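Scroll down for the structure; my scribbles are underneath it.
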């Protein structure tokens, strides 16, 4: 299904732009940022039309007139009509996972390479926010693991700041042992749960 965010961001702007030019409202179904296309029902007092294919459109001439039969619009015209609205959409969040050595805030060797990719992403695209969430495996108490998860998140934050990233855009938190990537019994040392998830928006 088309994301609500995309529908809210794109459709109202399209309606505004098109109605200003021709006194008609136009709804176009676009794929989401993963390339998936859902279904949109265009309704008014006159009836309903269902759009279920990429770049299909339905126009509305008045509140009493049924929306038009769906028809395809080529990408050049979509860009011409929607250009500003499309460019104003936020980028899809990008996720990075960094792993840590047992009972420490030291990154594994492999994750130091991933960290370089995270830094490149931040410096190249200058995101509005970076969320850093610390996690642990299920060895130890909830309190100790919350603190360890926070230490891991802060360690990554400090590396980013030391590399020139604006600290204002960085938010850190800890889930401790509460959200393991791999479900295990308590007190099982699972390396894939000892991690920090970084989300760049």
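The values are calculated or read from the model by the stated rules, or taken from the named source; none is laboratory data. Note that the structure is predicted; figures quoted are calculated from it, not measured. Here the Cβ positions follow ideal geometry from the backbone for every residue, glycine too, while neighbour counts run over all protein chains shown.
Results, tabulated for the structure shown:
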| item | result |
| --- | --- |
| Unmet criterion (only one of (1) surrounded by fewer than 15 Cβ atoms within 10 Å (Cβ to Cβ); (2) in the same structural domain as residue 43 (by TED's automatic domain parsing)) for residue 78 | (1) |
| So residue 161, is it in a loop (DSSP other than H, G, I, E, B), touching a helix residue (DSSP H, G or I) at 6+ places or on another chain (Cβ under 8 Å), at negative phi and free of Cβ contacts under 8 Å to residues at least 12 places away in the same chain | no |
| Residue satisfying condition, being farther than 15 Å from residue 195 by Cβ, under 23 Å from the mean Cα position of the chain (by Cα) and not in a loop (DSSP other than H, G, I, E, B), within set 82, 96 | 82 |
| Some residue of the stretch 141-153 being surrounded by 14 or more Cβ atoms within 10 Å (Cβ to Cβ), touching a residue at least 60 places away in the same chain (Cβ under 8 Å) and closer than 24 Å to residue 168 by Cα | no |
| Test: residue in the stretch 128-143 that is in contact with a strand residue (DSSP E or B) (Cβ under 7 Å, 6 or more places away or on another chain) and part of a helix (DSSP H, G or I) | yes |
| Single condition residue 173 does not satisfy, out of (1) within 19 Å of the chain's Cα centre (by Cα); (2) farther than 19 Å from residue 191 by Cβ; (3) touching a residue at least 60 places away in the same chain (Cβ under 8 Å); (4) surrounded by fewer than 17 Cβ atoms within 10 Å (Cβ to Cβ) | (3) |
